[in-house]
Amino acid sequence: MSKKITIEPVTRVEGHGKVTIKLDDLGRVTESRLHIVEFRGFERFVQGRPYWEAPVLVQRLCGICPVSHHLAAAKALDVIVGAGTGEGLTVTGEKVRRLMHYGQFFQSHVLHFFHLSSPDFLFGIDAAPELRNIIAVAQENKDLAYQGIMMRKYGQEVIAATAGKKVHGTGAIPGGVNKNLTLAERDNLLKGPDPMSADKMVEWSLGALDFFKHYHKNNQQMVDNYASFPSNHLSLVRKDGALDIYHGVLRAVDNEGRRILNDVDYQDYNNYIEEEVRNWTYMKFPYLKEYGREKGWYRVGPLARLNVCDFIPTPLAQKEFEEFKAYTKGKPNGMSLHYHWARLIEVLHSAEVMRDLLNDPDLQGNDLVVKGARQGEGVGVIEAPRGTLFHHYKVDDNDLITMANLIVSTTNNNEPMNRAVNATAKAFMNGKQEITEPMMNAVEVAIRAYDPCLSCATHALGQMPLEVTLMNEQDEIIDQKIKG
Amino acid sequence: MADTIKIKIDGKEIITSKGKTILEAATDNGVFIPTLCHFPGVPPKGSCRVCTVKVNNRFMTSCSTPAADGMNISNNHEEIVDYRKSIVELLFVSGNHFCPACEKSGNCELQALAYRLGMLVPRFPFSFPKKAVDASSPKIIKEQNRCILCKRCIKTIKDKEGKRYFAFSHRGNQLEVILDKQMGNTISDKLAKQAMENCPVGSIIYKGKGFSDPIGKRKYDKKPIGSHIEK
């Protein structure tokens, strides 16, 4: 008899989602979906508010990477206050923002790898659920857990020094920043008490990469084949093609590496990107207009960024990037679990950039804000840890916001995550009449690779719960398991 | 020394001069009594009641009650602190105060008082009133969601001829402080900034200032409200 499986909630991701998988009479997977069951509404909340509130208000979407929303909104408002599109700020303004962003990139990626994903690698996908958490990681591999916690703390300290506090600060304001980095703050981050120094973060980032590469070597077939499928990839890149998570132009490549969006100005994103609504989820499906819904969908995030950029502008991460690229002979990499590899290369890159920035005296400058001719509309785009993040605002003559549109990183990954769920469900559940817990975790592992932030993506309330329902072709529930 | 009088606040003997209010006498002698509608240099009205103390076992507003010889005043008594807290809570529930996105956060007297009085969550239900934002002036935003009707702007923001920029409008639970449209269009930069400064909450916003005070440098980031008075 045909069935529908529901996995709810999806665990060790940020936000609340569920998965449904339909099986036919022979137990073959016919359809699977990742549903986002939260609703938020920030695009409406900000309407009627003074535009300078947006970076502080909209960042409340998330407690994990609020800096991304804070900065994307600030970048959009830079345009509105006439400070240009990312390049018009003072050197201190831009560099303090960069330090804030790389700090949050570092802590968010570390949180995802060590706290959320490392249990899968350390204990295996089919390990007992009570082992798959950071406490068990700490008991099994004390050093790994300790480093993960301290690396995250370091990133949070960078945010606190630049934004005023670790979560939901106010550092970026339209046209610049409201503070520089004092010498005391710099010294504390550069050469803080062991292990909280910039050098140690670089060293530990290399260690984390080694951990993953060792796992990959021992589980090559599984890692490479897990939810592996071709796709387009989209991200910001610096004008010279370098990886740049703060500012650049929009570039997309297809699965062969051909450019299908060629370094365009993100102020015109509306000309290139369209969003589709489907009635079973609160999360939209963006795609490249020119290629339509079927062929225009794309991946974003660490894997996409490394597929799109030409090089990484820091030496240690560049070396790792070359190894990463060589693995697929220079072609775009479509292996979902390689997101972790790409993410850890970005952790190393962030550690290097933070170290370089902390040694830069521009951070102690006092020229913090730029303003010019007021505009009515602005777009801010940034590479959030989970991918490309778009903020778009319109402001009236009285300085109140009249329109806000956010395309959040996880939303951009909606189609690929659904495909990853489908691929994993087929691999693990085809022909099975009983759902086992490891099968459900296998689906979650695929979703987790994308590090989705479901709360941000839907514009939520509640906890972070995965539901798997097994239904027949008449949509009758045969079996259902809920985790939370 | 005929002008000198003696009062006691929470058992502490204070020598002050005749004609001072209880609040002035307390402030001069390092005793903090919370206020909201009171503004130095403006005749007190005692309308917000946050400065209430017990004088010889009777509730009185300290900003408007002259100190008299021999008064025995209770200020930091548990009952009075809770009474003040309930007033602050009422102010929170009768407006729409979303501190996380308010640029006055850290500089806001209502928020600072709530922290000082230990308010965690109001005991009263939120009323979520429908309030407007008047952004028509080129210099000022009048954010009615955050107004506590203290009248400080009405009393202190005037032009050279003494004409007021702000006034009460409507009555009862519709009462609000509005900015005169014509005067709002011509208000000077200096006066607009002064209006924001004099407002105890985030109801008067000087346009374009937005979050320019970094966290850590705001008025109440390091020390609670009243610390500068206490000895």
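The values are calculated or read from the model by the stated rules, or taken from the named source; none is laboratory data. The shown structure was predicted, so the numbers you read here are calculated from the model rather than taken from an experiment. We place every Cβ from the backbone using ideal geometry, glycine too, and count neighbours over all the protein chains shown.
Count of region B:102-147 residues, restricted to those that are within 14 Å of another protein chain (Cβ to nearest Cβ), of a type in the set (Gly, Ala, Ser), farther than 21 Å from residue B:225 by Cβ and in contact with a helix residue (DSSP H, G or I) (Cβ under 6 Å, 6 or more places away or on another chain), is 2.
Here residue A:87 clears all of (1) at pLDDT 80 or above; (2) of a type in the set (Asp, Glu); (3) over 30 Å from residue B:208 (Cβ atoms) except the condition numbered (3). With respect to being surrounded by 16 or more Cβ atoms within 10 Å (Cβ to Cβ) and assigned to a helix (DSSP H, G or I), residue A:200 fits the description. Against the definition (closer than 30 Å to residue A:84 by Cβ, in a helix (DSSP H, G or I), in contact with a strand residue (DSSP E or B) (Cβ under 9 Å, 6 or more places away or on another chain) and aromatic (Phe, Trp, Tyr)), how does residue A:269 come out, yes or no? Judged against the criteria, residue A:269 is a match.
Of all residues in region A:272-313, count the ones that are more than 16 Å from residue A:239 (Cβ to Cβ), in a loop (DSSP other than H, G, I, E, B) and touching a strand residue (DSSP E or B) at 6+ places or on another chain (Cβ under 7 Å).
10
Within region A:131-169, being touching a Ser or Thr at 6+ places or on another chain (Cβ under 9 Å) and within 14 Å of another protein chain (Cβ to nearest Cβ) holds for A:161, A:163, A:164, A:169.
Against the conditions (1) under 21 Å from the mean Cα position of the chain (by Cα); (2) of a type in the set (A, V, I, L, M); (3) modelled with pLDDT of 85 or more, residue A:145 satisfies every one except (1). Kindly indicate whether residue B:120 is closer than 27 Å to residue B:221 by Cβ and in a helix (DSSP H, G or I). In short, no. Any residue at all in region A:157-176 that is touching a Leu at 6+ places or on another chain (Cβ under 8 Å), surrounded by 16 or more Cβ atoms within 10 Å (Cβ to Cβ) and within 30 Å of residue A:338 (Cα to Cα)? Scanning region A:157-176 turns up at least one residue that is touching a Leu at 6+ places or on another chain (Cβ under 8 Å), surrounded by 16 or more Cβ atoms within 10 Å (Cβ to Cβ) and within 30 Å of residue A:338 (Cα to Cα).
Yes or no, residue by residue, for (1) within 16 Å of the chain's Cα centre (by Cα); (2) on the phi > 0 side of the Ramachandran plot; (3) among the aliphatic types (A, V, I, L, M); (4) surrounded by fewer than 16 Cβ atoms within 10 Å (Cβ to Cβ):
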| position | (1), (2), (3), (4) |
| --- | --- |
| A:343 | yes, no, no, no |
| A:349 | yes, no, no, no |
| A:355 | no, no, no, no |
| A:358 | no, no, yes, no |
| A:374 | no, no, no, yes |
| A:377 | no, no, no, yes |
| A:382 | yes, no, yes, no |
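In region A:427-443, the condition of being at pLDDT 75 or above and within 13 Å of the chain's Cα centre (by Cα) is met by no residue. Checked against (1) within 14 Å of another protein chain (Cβ to nearest Cβ); (2) under 30 Å from residue B:184 (Cα atoms); (3) surrounded by fewer than 19 Cβ atoms within 10 Å (Cβ to Cβ), residue A:366 meets all criteria but (2). Just one of the numbered conditions (1) of a type outside the set (Phe, Trp, Tyr); (2) assigned to a loop (DSSP other than H, G, I, E, B); (3) away from chain A (no Cβ under 14 Å); (4) in contact with a Lys or Arg (Cβ under 7 Å, 6 or more places away or on another chain) is not true of residue B:202: (3). Can you name the residue in region A:58-75 that is modelled with pLDDT of 95 or more and within 11 Å of another protein chain (Cβ to nearest Cβ) and is also surrounded by the most Cβ atoms within 10 Å (Cβ to Cβ) among such residues? Going through the qualifying residues, I end up with A:70. Residue count for region A:24-77, restricted to those that are within 24 Å of residue A:108 (Cα to Cα) and of a type in the set (S, T, N, Q): 2.
Per-residue answers, yes or no, for (1) over 16 Å from residue B:108 (Cβ atoms); (2) within 14 Å of chain A (Cβ to nearest Cβ); (3) acidic (Asp, Glu); (4) not in a loop (DSSP other than H, G, I, E, B):
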position: B:162; (1), (2), (3), (4): yes, no, no, no
position: B:178; (1), (2), (3), (4): yes, no, no, yes
position: B:182; (1), (2), (3), (4): yes, no, no, yes
position: B:191; (1), (2), (3), (4): yes, no, no, yes
position: B:196; (1), (2), (3), (4): no, yes, no, yes
position: B:209; (1), (2), (3), (4): no, yes, no, no
position: B:212; (1), (2), (3), (4): no, yes, no, no
position: B:217; (1), (2), (3), (4): no, yes, no, no
position: B:222; (1), (2), (3), (4): no, yes, no, no
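Filtering region A:286-307 to residues that are surrounded by 23 or more Cβ atoms within 10 Å (Cβ to Cβ) and either more than 18 Å from residue A:411 (Cβ to Cβ) or of a type in the set (Asp, Glu) (or both) leaves A:306, A:307. Applying the set (1) under 23 Å from residue B:155 (Cβ atoms); (2) buried (at least 16 other Cβ atoms within 10 Å of the Cβ) to residue B:43 leaves exactly one unmet item: (2).
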